[in-house]
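Visitor: Here's a structure for you.
Each value in this text was obtained by applying a stated rule to the coordinates, not by laboratory testing. On a predicted model such as this, the values are computed, not experimentally measured, just so you know. Cβ: placed from backbone, ideal geometry, glycine included. Neighbour counts: every protein chain shown.
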Amino acid sequence: MNRVIFKVLRPIRKYGLRTFSAATSDLLNASHNHSATTGILEKTNSTDNVPQYDVAIVGGGMVGVALACSLATMPLTKHLNVALIDSNPALMAGGSIKKEDPPDPRVSTVTPATISFFKGMGAWKYIQLHRHAFFDRMQVWDYTGLGYTRYSAGDVDKEVLGCVVENKVLHRALLSCMEESNMQKTIYPARLSALDLSFSLKSDNVSSQPHANVAKLNLSNGDILYAKLVVGSDGSKSHVRELAGIKTTGWKYPQNAIICTVEHAVENRCAWQRFLRSGPIALLPIGDNFSNIVWTMDPKQAAECRSMDEADFLKAVNEALDYGHGPHPQSETKGGGGLFSWLKLDTTPSANEPFEVPPRITKLASERMVFPLSLMHANSYVSKRVALIGDAAHTVHPLAGQGVNMGFGDASSLSRVISEGVAVGSDIGEISLLRRYESERKAANIAMMAVLDGFQKAYSVDFGPLNVLRAAAFHGANYISPLKKNIISYASGEQGIPLFS
Ligand SMILES: Cc1cc2nc3c(=O)[nH]c(=O)nc-3n(C[C@H](O)[C@H](O)[C@H](O)COP(=O)(O)OP(=O)(O)OC[C@H]3O[C@@H](n4cnc5c(N)ncnc54)[C@H](O)[C@@H]3O)c2cc1C
């Protein structure tokens, strides 16, 4: 049964809702003393006729909707009363995606850990209805021609290394999963404009009880609502983060990414990435005879690449993935490795695979889009009644396709922590509970950010000795089997740090 309430379609059932408080009080009455907050929220129907929610999710991008889905599918959280706030028309469209629709130039490489998360929520079945592409091989090399690394799913006894999915498909799949659930949720097609994090709700009914603190949210369309917990999933320029006074650390990369979808004559089941002097270029399979290009370069070059005619752009991409910018590395099966042959310690099956040239692209299949790139990390992921997830908490360089995977990890972790809070009758906006989410995710995200930033910096310098070190890294990753297996597990989201464990 579809129980999504679109706030634009008034009237909304404001007070007949069976909220978290009511549902869990049945469950927990005998064994737990409810906090004053939990009790009062059930009785505040008379307060200004303002709707009250357990969780208000500000930002209905991929990560915000993933949190809503996760809450909707966990036994202890599916009774929560959730508001989802975003003016993005995709949330209201309710439409389906047709296979013949043009590909979305924005894609995400999703890791096996993300695929398991989607399967657990029942969202993966919707991905399977649309274009998506599993890949079982990866090849990474650079412009110096000094080395390359091949990865294969067989190295870790798996069938796939990951899957590339268009962002509109990921988003639609999560929305379908959320719509299908029985959770009471209301979509507000508006933007958050103001936030009071210690609003005191007065109970008219029980004067002896203390006032309940909730967050009060003012929206751009004039709506007001209360929530015990406000989740900021509103992207890198998060308004929730700003209104909660949470500072960030980070820097802009002197690079932009140009992305687009291209067509080639043969099928592609490999993810290709070549590091050029100006930044990495990736060719990622997205299904049928399409692949996605993510090409990082300085902003002036990116603007030129975006505006050049199609034939020149295709030529530039084909050169960047082939002989342009430097020679091919020598295939190891032909006796390459030279200086690094001593590294051939304990090899995986893919270590003996020859270097391959990616498929030649023949056609541009989407518009070209340019994105600025930055590393940003919120100094804190939580404050009282606030939790940040996804790009609101961290942004990373897209060179390893980890950004939204980190966000899905946040959504999964936060929903588990909320569930633990519900189980013991805690106020889910309490900082002590939210800190559990922060400590779990901050460590994992910082480690990933350090690795990605290290890669970005190591490959941004063209300097003889460093080039040799990078070549050693390619050979090390190719030939030291435990290292290669650890890199694959880490990139798959299945293993935490360190790489050498
Ligand atoms: C070129 C490029 C390639 C990438 N490739 C990959 C990849 O292969 N794999 C990967 O894992 N990641 C990748 N990423 C990163 C990934 O795209 C992001 O991490 C992801 O989109 C973040 O999702 P999000 O839901 O956190 O934020 P967003 O997608 O930014 O969504 C935020 C939502 O909040 C809404 N919003 C904003 N302000 C308000 C407000 N005041 N009130 C209400 N709503 C608001 C917006 O409308 C939007 O819908 C890539 C990024 C780039 C730039």
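Visitor: Which entries of 78/216; 78/247; 119/185; 202/384; 99/252; 78/99 show an alpha-carbon separation above 28 angstrom in the structure shown?
Guide: In this structure, 78/247; 99/252; 78/99 exceed 28 Å between Cα atoms.
Visitor: Using a cut-off of 11 Å between beta-carbons, work out the net charge of the residues near residue 314 (Lys and Arg +1, Asp and Glu -1, residue 314 not included).
Guide: -2
Visitor: Hey, another quick one. Residues of segment 414-434 with amide nitrogen under 12 Å from the 7 Å Cα-to-Cβ point of residue 194?
Guide: Residues passing the 12 Å test: none.
Visitor: List the residues whose amide H sits under 5 Å from the amide H of residue 244, counting only those 5 or more places along or on another chain, with H placed 1.01 Å from N in the peptide plane.
Guide: none
Visitor: Separate question: Label residue 288 and residue 307 with points 7 Å out from Cα along Cα→Cβ: what is the distance between them in nm?
Guide: 3.1 nm
Visitor: Related question: Using 1/(1 + (r/R0)^6) with R0 = 30 angstrom and r between the beta carbons of residue 450 and residue 356, what's the FRET efficiency to the nearest 0.05?
Guide: Rounded to the nearest 0.05, the efficiency is 0.45.
Visitor: Can I ask one more? By the scheme Lys and Arg +1, Asp and Glu -1, what is the net charge of all other residues having a beta-carbon under 13 Å from that of residue 441?
Guide: Charge balance near residue 441 sits at +1.
Visitor: Continuing with this model, one more query. If packing is taken as the mean number of other Cβ atoms within 10 Å per residue, what is the order of 308-320, 142-154, highest first?
Guide: 142-154, 308-320
Visitor: In whole Hz, what ³J(HN,Hα) sequence does segment 120-126 give by Karplus (6.51, -1.76, 1.60; θ = phi - 60°), x for Gly and Pro?
Guide: After applying 6.51 cos²θ - 1.76 cosθ + 1.60, I find x, 8, x, 9, 5, 4, 6 Hz.
Visitor: Now a separate question. What net charge do the residues around residue 130 carry, taking every other residue with its C-beta under 15 Å from that of residue 130, with Lys and Arg at +1 and Asp and Glu at -1? All intermediate terms of the calculation are to be shown ahead of the outcome.
Guide: Working: positive: 98, 99, 106, 125, 131, 168, 172; negative: 100, 101, 104, 166, 288.
Taking every Cβ under 15 Å from that of residue 130, the sum is +2.
Visitor: Roughly what would the spin-label model give for residue 384 and residue 249, points 7 Å off Cα along C-beta, in nm?
Guide: If labels sit at residue 384 and residue 249, their model points lie 2.6 nm apart.
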